[in-house]
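Trainee: One structure coming up, written as structure tokens, with questions to follow.
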Amino acid sequence: MNQILSVKDLKIYYKTLKGYVKAVDGVTFSINQGEILGVAGESGCGKSTLGNGMILLKPPMYHMGGEINLLGDDLMQLSKEEIRRVRYKKISIIPQYAMDAQSPTKKVGIFIKDIVREHGIEVNSNFWKKVEERLSMVNLSPSVLKRYAVELSGGMKQRLIMVISTLLDPALLIADEVTSALDVTSQRFVCDMLLAFRDKGIVGSVFFITHDISVLNQVADRIMVMYAGHLVEIGPKDEIIENPIHPYTKALISSLPKSDVRYEEQKLRSIEGAPPSLLNIGEGCRFRDRCPVATRQCEKETPPLVKIKKGYFASCWNIQGER
């Protein structure tokens, strides 16, 4: 497969009065053409910082090292003007709070026109025909173009921002918690639409961020699990869900409800404790205080990401890989 994104040893920290919060701390992965890579983990694990850092890095977020290579461009080295030209074309995002992402003072059509004009797109009859076709794909009437965002329901806003974010057919779409505020039916619709966008070539690949691994089971080709700013496991979706290797991934999977299982037969398991503070955090495995198999080595040294087999990597001192 052709690789469209390569992230190497990426570090994105938040600068605070007490020091640096190491939200993304040495993360390495890649995304292939046509692939949906899902990233999961608890709140505060760094997944949204990672996604937003790719497209809109601004204070208090700071790039502290590493690279993000998208189709030959290192996004971390581009000027503000260069990244503005890349945004929405090569890389786009459906933000975490998509329902509040549209201007409250502009009608939807004007808002869309302003965005595309920044990229030199001619706003003519062919363009509006394309817009209406995309609206139809997500079951929205062209009449929404003459309305303000405040006049739309939450589900309509979510579908609208999906259209706006993909109008320029980006090579990579970042979908940040796009299902978290939706009911189950709407979640399924959004997942189906992302698959349709990929299959129709509207987007090249998708970086799907969520705290819910069960959602990734519907859409992802591969799954990447993050914990406390580190990547702890990455591999094919079916293998991650059916036979996870890292203790944290195992705990996440065990916390998911299962169908056809009664509460009396098997209770859901929670992950004891809480994630560590990422403020000036030192060496060692960041999951060690909550891990049932932690050793002294886990306290002193950060485990490297090692190859378990082709396409499968994990970071834990208690697993064997091709080191």
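Trainee: Scan the chain and note any complete DSSP helix (H) whose C-alpha atoms cover at least 20 Å along its axis and whose Kyte-Doolittle average is -1.0 or more.
Mentor: Helices meeting the criterion: 184-199.
Trainee: I need the phi-derived Karplus couplings for region 308-318: 6.51 cos²θ - 1.76 cosθ + 1.60, θ = phi - 60°, integer Hz, Gly and Pro marked x.
Mentor: 8, 7, 4, x, 10, 9, 8, 10, 6, 6, 9
Trainee: Under a 5 Å amide H to amide H cut-off, with H placed in plane at 1.01 Å, what residues pair with residue 308 once short-range neighbours are removed?
Mentor: For residue 308, the qualifying residues are 313, 314, 322.
Trainee: Would you mind checking the pairs 47/80; 11/113; 15/200; 15/307; 89/309; 8/107 and listing those with alpha carbons more than 30 angstrom apart?
Mentor: Going by Cα-Cα distance, 11/113; 15/200; 15/307; 89/309; 8/107 fall outside the 30 Å limit.
Trainee: How do 71, 135, 216 rank when sorted from fewest to most other Cβ atoms within 10 Å of their own Cβ?
Mentor: Least crowded to most crowded, the residues run 71, 135, 216.
Trainee: Quick one: Debye curve from the C-alpha atoms of region 103-169, no solvent, what's log10 I(q)/I(0) at q = 0.13, 0.19, 0.20, 0.22 Å⁻¹?
Mentor: Once normalised to I(0) and log-transformed, intensities are -0.31, -0.68, -0.76, -0.94.
Trainee: Additional query: For the chain, give the magnitude of the charge dipole about the Cα centre (Cβ charges: +1 Lys/Arg, -1 Asp/Glu; no others), in debye to the nearest 20. Intermediate results must be reported in sequence, preceding the final value.
Mentor: Working: 43 positive and 37 negative charges, 123 e Å.
The calculated dipole for the chain is roughly 580 debye.
Trainee: Let me ask another. When all alpha-carbon pairs of the chain are counted, what percent fall beyond 33 Å?
Mentor: Cα-Cα pairs in the chain separated by more than 33 Å: 29 percent.
Trainee: Provide the per-residue ³J(HN,Hα) series for region 144-151, in order, calculated from phi with Karplus coefficients 6.51, -1.76, 1.60 and θ = phi - 60°, each as a whole number of Hz, with x at glycine and proline positions.
Mentor: In residue order, the calculated couplings are 5, 5, 9, 10, 8, 4, 5, 7 Hz.
Trainee: Kindly identify region 1-60 as rounded, prolate or oblate by the Cα gyration tensor criterion: order the square roots of the eigenvalues as a ≥ b ≥ c, call it rounded if a/c is under 1.5, otherwise compare a/b with b/c, prolate if a/b is larger, else oblate.
Mentor: prolate
Trainee: As a test of the formula, what do you get for the chain when each DSSP H run with n ≥ 4 contributes -39,500 (n - 2.57) and the sum is divided by the residue count, at 222 nm and rounded to the nearest 500 deg cm²/dmol?
Mentor: On the way: 10 runs with 93 residues, N = 323.
That calculation yields -8000 deg cm²/dmol at 222 nm.
Trainee: Below 8 Å between Cα atoms, with a sequence gap of 6+, how large is the relative contact order for region 103-169 in percent? Kindly include the intermediate steps, with their values, before the conclusion.
Mentor: Values: 47 pairs, mean separation 29.2, N = 67.
Dividing the mean separation by the residue count of region 103-169 yields 44 percent.
Trainee: Which peptide among 168-175, 283-290, 141-148, 78-85 comes first, and what is the full order, when sorted by highest mean count of other Cβ atoms within 10 Å?
Mentor: The packing order, highest mean first, is 168-175, 283-290, 141-148, 78-85.
Trainee: Which whole-Hz ³J(HN,Hα) couplings does region 6-15 yield from phi under the Karplus relation 6.51 cos²θ - 1.76 cosθ + 1.60, θ = phi - 60°, glycine and proline marked x?
Mentor: Values per residue, Gly and Pro as x: 10, 10, 10, 6, 6, 10, 10, 10, 9, 8 Hz.
Trainee: While we're looking at this one, here's another question. Using alpha carbon centroids, what distance separates region 89-153 and region 184-248, in Å?
Mentor: For region 89-153 versus region 184-248, the Cα centre distance is 26 Å.
Trainee: While we're here: Considering the dipole of the chain built from charges on the beta carbon (Lys and Arg +1, Asp and Glu -1) around the Cα centre, which of 43, 160, 126 is farthest to its positive end?
Mentor: Among 43, 160, 126, the one farthest towards the positive end of the dipole of the chain is 126.
Trainee: While we're here: Counting only residues 5 or more places away or on other chains, whose amide H sits under 5 Å from the amide H of residue 175 once H atoms are built in the peptide plane?
Mentor: 94, 207, 208, 209
Trainee: Using Cα-Cα distances under 8 Å and only pairs 6 or more residues apart, what relative contact order does the chain have, in percent?
Mentor: On the way: 581 pairs, mean separation 65.0, N = 323.
Across the chain, relative contact order equals 20 percent.
Trainee: Going by the alpha-carbon gyration tensor, a ≥ b ≥ c the square roots of its eigenvalues, is region 1-106 rounded (a/c under 1.5) or, if a/c is not under 1.5, prolate (a/b greater than b/c) versus oblate?
Mentor: Values: a/c = 1.32, a/b = 1.04, b/c = 1.27.
Rounded is the answer for region 1-106, as its axis ratio a/c remains below 1.5.
Trainee: Write out the chymotrypsin sites (Phe, Trp or Tyr not before Pro) in region 1-105 meeting two conditions: DSSP loop, and at most 16 other Cβ atoms within 10 Å of their Cβ.
Mentor: 97
Trainee: Sequence-distant or interchain residues sharing an amide H contact under 5 Å with residue 36, placed H: which?
Mentor: Those qualifying (amide H under 5 Å, at least 5 residues apart or on another chain) are 206, 221, 222.
Bear in mind that the values in this text are calculations on the coordinates, not laboratory data. All of these numbers come straight from a predicted model, not from anything done at the bench. Ideal geometry is used to build each Cβ from the backbone, glycine not excepted, and the neighbour counts take in all protein chains shown.
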